[in-house]
Amino acid sequence: MTRPGPHPAPWELPKEEDAPTETDGRVVPFPDRTGTRPAIGADPAQTPTAPAGADVEVIDPTDVEVLDTDDTTQPRPVDVLPKGSGGDWLEDRRTLLDTAPALVPYYLRSREEFTDAARFLVEYYARMGAYRATRSPVYLLKLVSRSPRGMGRALSHWGRWALDIEANELRKHAAGGNRTSEYMMLSRQHTARIRARLLSSLVVALGVTVIGAVALGTAPAWASVSAIVAALAGFGAAGSKPDAKPIIDRWTSPHLQRELTSTEVVAALEAIGVKGKVDFVNPIQTDGPGWRAEVDLPPGYLTDKVLEERAKLAGAMRRPLTTVWPESDTEAHPGRLVLWVAKKDPAKSKRRLWPLMKHGQTDLFADIPFGFDPRGRVIPLNLMYTNLLMGGVPGSGKTSGVMVVALAGALDPTCEMWVYEMKGSGDLDPVQPVCHRYVSGDDDEHCGSALDALRKLEKELKRRKKIIAGLPAEQVPKGRKVYPHLAKDRKLGLHPLLAIFDEAHTLFEHEEYGKEAADIAGRLIRKARAYGIILVVTTQRPDAKSLPKTVSDNVSTRFCLAVTGHIANDLVLGTSMYRNGVRATMFDPKKEAGTGWLAKSSHDTQIVRAAFIEQAEAIEIAKRALALRTAAGTLTGEAAGETIAAEDTTTLLDHLAAVWPAGEDTMHSVRLVQALASYRPDTYGPWAASDLPVEEMSREEQRAHETRMATTLSNALAPFGVNTGQITKRGDGGSRKGVKRTDLEAALARSGTAMEDD
Ligand SMILES: Nc1ncnc2c1ncn2[C@@H]1O[C@H](COP(=O)(O)OP(=O)(O)OP(=O)(O)O)[C@@H](O)[C@H]1O
């Protein structure tokens, strides 16, 4: 499992600060009071878990820090981190430091992160303040309604004090014990006390009444009313019962998840059948907007089991599926599980916008923003020197994934766009205005156009190869491929060419065109990426018939959305990926549309949700792309109003058949070359060309010229399996090299074209 590294790109970079490996969450020391770990491997039945679906009071996310404080029945210390293996003191410290938590909390490591957090806090308290303020009249009414009880309580307290009730017990005690002198002293004290207290109460009451009456008579009405309400509210506060409902509403959110604890992890693993002792590699930490638990599964279990049972795991944890993300850390070992659990359900959170939604352009030689990982970080993709295969069941989000790629290509004004949307839904129509070629449809004619495009791409590949092969070595410093400086040189025509075949199974399954299309696509996948031709193929039917093996075996970048089985999984992601735990069967296409495994190589895989761009937004982005291209003067093909002619796939055999005189069984080569030169002068004119006009040639020169023409034809026909030989034609030059009609017909039949009847 790999995590995104730094990628220079013109758009907003992914937040490195969130990188989980840097242990971005604060490690929370395990409880000192026991110095113990939770009951690892304990009977889950004895380990309490929070009630299902419990509403959780909203708390400030920045406060979420203290984790895993469960008591345990079978204590085992884990906050003692595992020692290095070799007993080398220095090496052990190095290893430890490599995985040490970052010194500075994640929200202080980036200015942007800090501003985000600060902005959030201001918004949060402003919002909460406004919420309370709008409800304050209700709170006041509730308080006032409790004031009679408060007044009663105050009176009762006053009465007990004024009448010295608390001394009654003492006096009773003294009377009961026949302690006469003590009783008399207490009685005197009691009488004096009552008199003093009643007198002071009278003075205070008189004072309050006079001041109150004067204030009410002189103060403005609002002040008088406020004072009365405040006094009533005060009595109301005094009159609240300890178990009464709180005056202030509690705002609850079902989307905020409770903290992850090791007890919960162990119990959930047990519930899906992972039985035995689970070892926590590190204490559970906060990691970006979630918690991260790293565990070694009990001996005999691989992480595959947990990945495959993700839904069950989420069920056992009583958490939404979209918050539970198990991954295997194969860099450690196949039994090391990294479980990341989101604090908020991403399915219910606001959509994360594609960084280029509002502004910016791309450079296909650098990264483009493709989507977001479960932690919400932007995941980049570099399209240059690669090709891309996307697969998934219908509705899993292929079109939205391919839209991101298409718009990223469109926003690079140097990129030539060929788009074949073969579902015929018009989903990619927004990019049509910038496309050199654009076809949308699934009929024969659309498949024919797509095949034609593949032929042209192969021709373009040959052209590019030839140009790059002819460049001096210093122009291609790291091997013969396209470099940005070559792409910029318009004369060379080596700019990026993005060719998208969406729902390509329509073409590959086509009875007439499918085989050739698959062959060419296979060759392009193998050879074209170094030359700036980026092929993108998507399919909703990743099976042997719909996805050519040459494509699935050789494609370099893969994005596999939800699929139903291991065969489809491995066809899209590559051989053995399913076995290695990279399983797109774990995704629910409905709840997690757009989410898939992105494999940049067999060792570089991660879960990504492609950025979702609505059609209206795509149209706006494409308008920006069109403006960029207009300014750069790079609009070509259909975007520039040109008509694209279909690739000529006829051969010399077809041309010979076209010029063959009716009724002739044989023809001299010289005659055929002359006929070809006048039929297609651009192609065959040079075959019949000579330095001198034929009339000015000597007899020998004429013969030599005719021999050259005949030899040229013989050489050109040889690859078709047509041999030329001596042909005698009376009255037409006698015996000379020529072609038999039957040989031509046989060759045409072999190539699948019949010669027209006389
Ligand atoms: N990245 C995403 N984020 C959020 N929702 C998405 C995403 N991708 C797709 N969806 C949702 O899933 C629906 C289906 O997506 P989409 O049309 O891209 O699937 P598809 O695989 O191309 O389907 P089909 O094979 O039928 O063409 C979309 O309408 C959208 O609501």
When only DSSP loop residues count, what GluC sites (Glu not before Pro) in the range 460-531 have their Cβ near at most 12 other Cβ atoms within 10 Å?
GLU511, GLU512
Quick check: the angle from helix 514-527's long axis to the longest principal axis of the chain, C-alpha only, nearest 10 degrees?
70 degrees
The chain: relative contact order from alpha carbon pairs under 8 Å, six or more residues apart, as a whole percent, is 12 percent
Cβ-derived FRET efficiency at R0 60 Å, SER690 paired with ASP604, nearest 0.05:
0.50
Which whole-number percentage describes the relative contact order of the range 368-640, with Cα contacts under 8 Å and a sequence gap of 6 or more?
31 percent
With DNA, RNA and ligands ignored, accessible area of TRP161 (1.4 Å probe; Å², nearest 10):
110 Å²
Given charges of +1 on the Cβ of Lys and Arg and -1 on the Cβ of Asp and Glu, with all other atoms neutral, how large is the dipole of the range 399-451 about its Cα centre, in debye to the nearest 20?
180 debye
What ³J(HN,Hα) values, in whole Hz, does the Karplus curve 6.51 cos²θ - 1.76 cosθ + 1.60 give for the range 582-593 when θ = phi - 60°, with x put for Gly and Pro?
8, 10, 7, 6, 6, 8, 9, x, 7, 7, 10, 4
FRET efficiency, 1/(1 + (r/R0)^6) with R0 41 Å, evaluated for ALA237 and LYS312 via beta carbons
0.25
In degrees from 0 to 90, rounded to the nearest 10, what is the angle of the helix 262-271 Cα long axis to the longest principal axis of the chain?
60 degrees
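Ranked from the most accessible area to the least, with a 1.4 Å probe and all protein chains present, what is the order of LYS600, LYS423?
LYS423, LYS600
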Of the candidates ALA640, GLN606, ALA616, the farthest towards the positive dipole end of the range 595-717 (Lys/Arg Cβ +1, Asp/Glu Cβ -1, centred on the Cα centre) is GLN606
Which whole-number value in Å² is the accessible area per residue of the range 379-538, probe 1.4 Å?
35 Å²
Give me the percent of DSSP beta bridges within the range 368-640 that run antiparallel, rounded to the nearest 5.
40 percent
Determine the percent antiparallel among the DSSP beta bridges restricted to the chain, to the nearest 5.
65 percent
Hz values of 3J(HN,Hα) by residue in the range 440-449 - Karplus curve (6.51, -1.76, 1.60), Gly and Pro given as x:
10, x, 10, 7, 4, 4, 6, 5, x, 5
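Can you give the extra length, in nm with one decimal, that the chain gains between ILE211 and ASN178 once fully stretched, where that is 0.36 nm per residue apart less the Cα-Cα distance?
Values: separation 33, 0.36 × 33 = 11.88 nm, distance 4.91 nm.
Gain in length upon complete extension: 7.0 nm.
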Find the relative contact order for the range 520-628 and round it to a whole percent, using C-alpha pairs within less than 8 Å whose residues are 6+ positions apart.
20 percent
Quantify, in whole percent, the carbon and sulfur part of the accessible surface of the range 368-640 (1.4 Å probe; protein heavy atoms only).
53 percent
As I understand it, the dipole of the chain uses +1 on the Cβ of Lys and Arg and -1 on the Cβ of Asp and Glu, about the Cα centre. Which of LEU141, HIS333, LEU411 lies farthest toward its positive end?
LEU141
Could you give the size of the charge dipole of the range 368-640 about its Cα centre, using +1 on the Cβ of each K and R and -1 on the Cβ of each D and E, expressed in debye and rounded to the nearest 20?
1400 debye
Which angle between 0 and 90 degrees, to the nearest 10, do you get for helix 89-98 versus the longest principal axis of the chain when only C-alpha atoms count?
80 degrees
In what sequence, largest accessible area first, do THR134, THR191 appear using a 1.4 Å probe?
THR134, THR191
Give, in nm to one decimal, the length gained when the segment between THR649 and ALA627 is fully stretched (0.36 nm per residue of separation minus the Cα-Cα distance).
4.3 nm
Place +1 on the Cβ of every Lys and Arg and -1 on the Cβ of every Asp and Glu in the range 652-750, take the dipole about the Cα centre, and give the residue among ALA657, THR711, ALA747 whose Cα lies farthest towards its positive end.
ALA747
Carbon and sulfur atoms account, in whole percent of the 1.4 Å probe accessible area of the range 135-238, for 73 percent
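Keeping every protein chain in place, order TYR385, TYR420 by accessible area at 1.4 Å, biggest value first, i.e. largest first.
Numbers: TYR385 65, TYR420 0 Å².
Ranked list, largest accessible area first: TYR385, TYR420.
Nothing charged except the Cβ atoms of Lys and Arg (+1) and of Asp and Glu (-1): what's the magnitude of the dipole of the chain about its Cα centre? Round to the nearest 20 debye.
The calculation lands at about 3420 debye.
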What nm distance separates the two modelled labels at ILE619 and ALA100, each placed 7 Å from Cα along Cα→Cβ?
5.7 nm
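At 222 nm, what value in deg cm²/dmol follows for the chain if DSSP H runs of at least 4 each add -39500 (n - 2.57) and the sum is divided by all its residues, to the nearest 500?
Calculated mean residue ellipticity at 222 nm is -13000 deg cm²/dmol.
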Once all protein chains are kept in place, THR261 shows an accessible area at probe 1.4 Å, nearest 10 Å², of 20 Å²
Amide H contacts under 5 Å for TYR438, placed H, 5+ residues apart
VAL419
Using a 1.4 Å probe on the protein heavy atoms, what percent of the accessible area of the range 652-750 belongs to carbon and sulfur?
48 percent
Pairs over 29 Å Cα to Cα, from LYS398/LYS515; LYS465/LYS549; LYS312/LYS348; LYS358/LYS478; LYS398/LYS545, come to LYS358/LYS478
Given H placed on each backbone N at 1.01 Å, which residues far from ILE379 in sequence or on other chains put an amide H within less than 5 Å of it?
PHE370, GLY371, PHE372, ASP373
Rounded to the nearest 10 Å², the 1.4 Å probe accessible area of MET403 is 10 Å²
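The values are calculated or read from the model by the stated rules, or taken from the named source; none is laboratory data. Since we're looking at a predicted model, the values are computed, not measured. No Cβ is skipped: glycine too gets one built from the backbone with ideal geometry, and neighbour counts run over all protein chains shown. For accessibility, only protein heavy atoms count, side chains too; no ligands or nucleic acids. Shrake-Rupley method; radii C 1.70, N 1.55, O 1.52, S 1.80 Å.
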